[in-house]
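The values are calculated or read from the model by the stated rules, or taken from the named source; none is laboratory data. Source: prediction; values computed, not measured. Virtual Cβ from ideal backbone geometry, glycine too; neighbours counted across all protein chains shown. Keep in mind that these areas ignore ligands, DNA and RNA; they rest on the heavy atoms of the full protein, side chains included. Shrake-Rupley method; radii C 1.70, N 1.55, O 1.52, S 1.80 Å.
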Amino acid sequence: MRGAVSTADTKIVADGLHFAYRSQEREPVVALTDVSFEVRAGELLCVVGPSGCGKSSLISLIAGLARPQQGRVLVNGRTVRGPGADRGVVFQELGLMPWRTVNGNIGQGLEIARVPRARRDEVVARFVAMIGLGGFEERYPHELSGGMKQRVALARTLAADPTVMLMDEPFAAVDAQTRVTLQKDLLRISMQTGKTIVLVTHSVEEAAFLGDRVMVMTRRPGRVKEIIDVPIPREERDYDALAHDEPFNALRVEITNSVRAELW
Amino acid sequence: MTGTAPQPATSSATAALPAGPRRRTAWRVTFLALRRTLLPFVALVAVWWAVKAVFGLGVSVLPSPAQAVRSVGPLIRSGVLVDYTTQSLERIALGGAIGIAVGTPIGLLLGSNRLVSMTFRPLLNTMQGLSGIAWLPLVNGWLGFGSRTVLVVILYTVTFPVAFNTMVGVQTLPIAYSNALRTMGAGRFYLFTHVWLPGALPSILLGARLGLAYGWRALIAAEMVLNAGGLGYLLFQSGGARNTPVIVFEMILMGVIWVFIDRALLRPIEQQTVVRWGMEQR
Ligand SMILES: Nc1ncnc2c1ncn2[C@@H]1O[C@H](COP(=O)(O)OP(=O)(O)O)[C@@H](O)[C@H]1O
Ligand SMILES: [Mg+2]
């Protein structure tokens, strides 16, 4: 089966999650209901579903930024009660600090963890090189293109070295070429670091290309519709090679149809 | 990540030009901006002159621009102008500094906690309608005629706009900033100093600008009433003596000093922070 991950144990458990946004003025909006699934350690799980089905909400629940009204999330067997540095998030809105330079943003997680200055600079320099932003270290986010900002956000999360990475449409805002580069980088990093990754995307293409498994969600209130295996080792993932790979194309069509059935 | 060559979002095309024409362009731009800035002032002086000439107004009603400017001589020679200006500047500096130092943390606190802000917002709003000068009779009774009373009035006038704007600044900050840092293990104090304070800076500076402008006006009014020195007191004295050239000169001076405070103090801070970070509000 899935060589690298088949023997590893469970990292994340979502157990009967029910989550609604409540406000005084309006009816509660149920974003998720009866959501249960597991993510194995070192696995890359992609989540797809129609817009507004609760994908970002699911990321918030695992990150501990929001609490479910029913059910619970377990990470490493412990119930999530709040955010923690073990679970890094790459947000859809990025959330880079405009008042910090590229270096300052990438090193912020290490600063919070009180990593000594010298060590911090070392790690930051390594990640700046990795995302190809040499020469832009002292620039501020507003001076960068969308793709560059995206890469800084990715590097910031990686530099903090969480064991779980939660990524909310991380490549949505970048151009097609950069997206492919970033996707390859992510595959390489995931193989090198063994991080457990949950990646939300609206692109079936991306989900099939990156995921060890693809979780399809129903329209709101979001439930787990099905989880589809993508039995291709990560080192064999290559857009050119997979373009003519019959089983892969069949999977892609299967996932596409599954998501399409959830659109109005 | 080698596939894509990074490109800055803002290209600096002018950097490629040779130094000569570029400098001339810069001078030209400065000159045009200056001309545009001065034009309305020149027009105002012209109107002032014309009104005086057309209606044949004597100096006791309205001095000419020249008379106003000439009145400076004796004021400077006697040392009065320098003393009183210094006194007023010291007061606005001290009152402004303390007001900003007090108003900012209050605003951060109010902005970072929904319950606290909902509780205190009506009070804060009410106080905004109550000018600092309204406190004068009461404070005067407590602290007497003097610098301390003037200072309290300025302090009050500066603190509220700063606190109010800081609060709004924190409340309108995108939640993504603090969420990003919380997922990296940041606690409340870290968020306070590393998200709310820098994030609210555009609003804090806006509050400071409003506060100092109101404070400067309140200062003049308080000094007029209090007989405690300063430009306001000089203005009051000149009024009593019907010395209109000095009155008008002083009015001009107050405006000029305000522009100086704004240009020399607030703008540079803005340039170094908010503008540099691309956070200026337009
Ligand atoms: N802060 C909020 N208050 C109320 N409703 C919200 C809020 N955030 C999201 N929602 C609603 O919850 C549902 C799920 O949102 P979200 O998790 O962002 O979906 P997705 O990321 O899949 O597009 C949507 O219908 C959205 O309108
Ligand atoms: Mg979303």
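Derived scalar couplings between HN and Hα for the range B:229-244 equal x, x, 4, x, 5, 4, 4, 5, 4, 4, x, x, 8, 6, 8, 4 Hz in order, rounded to whole Hz, by the Karplus curve 6.51 cos²θ - 1.76 cosθ + 1.60 (θ = phi - 60°), x for Gly and Pro. For the set A:E143, A:E254, the ranking by accessible area, highest first and with no ligand, DNA or RNA atoms included, is A:E254, A:E143 under a 1.4 Å probe. Ordering of B:87-99, A:127-139 by packing is B:87-99, A:127-139, highest average first (other Cβ atoms within 10 Å, averaged per residue). If R0 equals 56 Å, the separation of the Cβ atoms of B:R121 and B:R77 corresponds to a calculated FRET efficiency of about 0.60.
When only alpha carbons are used to place a centre, the range B:190-205 and the range A:82-134 end up 19 Å from one another. Peptides B:221-230, A:174-183, B:199-208, A:75-84 ordered by packing proxy, namely the average of other Cβ atoms within 10 Å per residue, highest first: B:199-208, B:221-230, A:174-183, A:75-84.
When B:W196, B:W142 are compared by accessible area at a 1.4 angstrom probe, the order from most to least is B:W142, B:W196.
Beta bridges from DSSP with both residues in chain A: antiparallel share about 55 percent, rounded to the nearest 5.
Legend: mean number of C-beta atoms from other chains within 10 angstrom of residue C-beta atoms, peptide B:230-237, equals 0.
In this label model, A:R78 and B:L39 are separated by 6.7 nm, measuring between points 7 Å along each Cα→Cβ vector. Approximating the spin labels as points 7 Å out from Cα along Cα→Cβ, the B:A134-to-B:L266 distance works out to 2.3 nm. In this label model, A:N249 and A:A261 are separated by 2.3 nm, measuring between points 7 Å along each Cα→Cβ vector. Taking the DSSP beta bridges with both ends in the protein assembly as shown, the antiparallel portion is around 55 percent.
Packing, as the average of other Cβ atoms within 10 Å across residues, places the peptides A:62-71, B:185-194, A:100-109 in the order A:100-109, A:62-71, B:185-194, highest first. For the range A:97-161, give the percent of accessible area contributed by carbon and sulfur heavy atoms, probe 1.4 Å, rounded to a whole number. With neighbouring chains kept in place, the figure for the range A:97-161 is 48 percent. If R0 is 56 Å, the Cβ-Cβ spacing of B:V29 and A:Q69 corresponds to a FRET efficiency of close to 0.40. For A:K11, the residues whose amide H sits under 5 Å from its own are A:V39, A:R40, A:A41, ignoring neighbours fewer than 5 places away on the same chain, with H placed 1.01 Å from N.
Looking only at the range A:38-75, which residues have a backbone nitrogen under 17 Å from a spot 7 Å from the Cα of A:T10 in the C-beta direction? Residues passing the 17 Å test: A:38-45, A:62, A:71-75.
Residue by residue along A:133-145, Cβ atoms of other protein chains within 10 Å of the local Cβ number 3 on average.
What separates the Cα centres of the range A:214-237 and the range B:77-149 is a distance of 60 Å.
Computed extension length for B:R188-B:V256: 20.2 nm, one decimal, from 0.36 nm per residue of separation with the Cα-Cα distance subtracted.
Amide H to amide H, with H built 1.01 Å from N, A:M167 comes under 5 Å of A:V90, A:V198, A:L199, A:V200, counting only residues 5 or more places away or on other chains.
Under 5 Å between amide hydrogens, built in the peptide plane, is the criterion, and for B:G146 it picks out nothing among residues at least 5 positions away or on other chains. Derived scalar couplings between HN and Hα for the range B:79-91 equal x, 4, 4, 5, 4, 5, 5, 4, 4, 5, 5, 4, 5 Hz in order, rounded to whole Hz, by the Karplus curve 6.51 cos²θ - 1.76 cosθ + 1.60 (θ = phi - 60°), x for Gly and Pro. The HN-Hα couplings worked out from phi for the range A:43-51 by the Karplus form 6.51 cos²θ - 1.76 cosθ + 1.60 (θ = phi - 60°) are 7, 10, 9, 9, 10, 10, x, x, 4 Hz, whole numbers, x standing for Gly and Pro. Shielding of peptide B:168-180 by partners, expressed as the average count of other chain Cβ atoms within 10 Å per residue Cβ, is 4.
Between B and A, roughly 2800 Å² of accessible area is buried in total, ligands, DNA and RNA not counted and the probe set to 1.4 Å.
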